[in-house]
Amino acid sequence: MSHLIRVVLPDRPGALGAVASALGHAGADILSVDIVERSAGQAIDDLVVELPAGKLADSLVSAASSVEGVRVESIRPYAGVIDPFRELQLLEKLAVAPEEAPRVLADGFCRLFRAGWALVLQAPELDGDRATVVARSAAAPEIETLVAPWWPPTPPRPLSADEGWAPVDWGQLGTELAVAPLGPNAILVGRPGLRWLASEIIRMSHLASIAATVLEPAAS
């Protein structure tokens, strides 16, 4: 079974290698590593690791935490696809099939940010408070509209799933939300149990800004 582990570690040579060695000794295979954020003296990395049958996820936490200065921030099962899918590939896909671009974008955001789902939302009417869902990723909630008292989506930011506008099950599942402007619209992304870092929000905003220029011809 695969797991996504977010670790906070000292930003020093050999720290990530020590974590990898500790996980290997625990029987885990590392499938991918992403450096999510770097700040003064520390780094935050996401590792997707696979454990053999019979091994408990707690063993991953213990192994990583055994490295001096390392803290496991979160761990959750991961069923996503491991591939080199990156921003440029997503933008190329948007340009190739403009009529499918909003849905392709929603699916792409899920893959890039290891999220559970994404919704492309159209701005509420001037006299209304509901945003219309114009596209959704494969596993997104089956809703047609969403109350959006937080509109506009500028600045891009995390949102709380525990507030009254969000469906109750989002909060119960520990969904972490983030929103970014997509031209006049927005993209709302949800993932379970993995908080959004400032660097991820910036990355999401930049990508959405570029993607909006590709989507405009399809919307006209």
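The values are calculated or read from the model by the stated rules, or taken from the named source; none is laboratory data. The model shown is predicted, which means the values in this text are computed figures rather than measured ones. Ideal geometry is used to build each Cβ from the backbone, glycine not excepted, and the neighbour counts take in all protein chains shown. What goes into the accessible areas is simple: the full protein's heavy atoms, side chains included, and nothing from ligands, DNA or RNA. Shrake-Rupley method; radii C 1.70, N 1.55, O 1.52, S 1.80 Å.
Counting only protein heavy atoms and a probe of 1.4 Å, the accessible surface of region 41-130 is 54% carbon and sulfur.
Per-residue Karplus couplings for region 204-212, computed as 6.51 cos²θ - 1.76 cosθ + 1.60 with θ equal to phi - 60°, are listed in order as 4, 5, 4, 5, 5, 5, 5, 4, 4 Hz, Gly and Pro entered as x.
Charge dipole (Cα centre; +1 on Lys/Arg Cβ, -1 on Asp/Glu Cβ; no other charges) of the chain amounts to roughly 440 debye. Scanning residues 5 or more positions from Leu159 or on other chains, those with amide H under 5 Å from its amide H are Leu177, Ala178, Val179, with H placed 1.01 Å from N in the peptide plane. Backbone geometry of region 27-34 corresponds, through the Karplus equation with coefficients 6.51, -1.76 and 1.60 at θ = phi - 60°, to 3J(HN,Hα) couplings of x, 8, 9, 7, 8, 7, 9, 10 Hz, x marking Gly and Pro. Taking amide H atoms as placed 1.01 Å from N in the peptide plane, the amide H of Ala135 lies under 5 Å from those of Val120, each 5 or more residues away in sequence or on another chain. Dipole magnitude for region 106-192: computed about the Cα centre from +1 point charges on Lys and Arg Cβ and -1 point charges on Asp and Glu Cβ, it is near 420 debye. Once Lys and Arg get +1 and Asp and Glu get -1 on their Cβ, which of Pro152, Ala57, Gly171 lies farthest toward the positive end of the dipole of the chain? Most positive-ward Cα: Ala57.
Close amide H contacts of Ser32 (hydrogens built in the peptide plane, cut-off under 5 Å, sequence separation of 5 or more or a different chain): Val48. Let me know the shape class of the chain, please: from the alpha-carbon gyration tensor, a ≥ b ≥ c as square roots of the eigenvalues, rounded when a/c is under 1.5, otherwise prolate if a/b is greater than b/c, or oblate. Here the chain falls in the prolate category.
In degrees from 0 to 90, rounded to the nearest 10, what is the angle of the helix 87-96 Cα long axis to the longest principal axis of the chain? Here the helix axis deviates by roughly 30 degrees.
Over region 62-159, give the accessible area per residue in Å² for a 1.4 Å probe, as an integer.
On the way: 5210 Å² over 98 residues.
On a per-residue basis, 53 Å².
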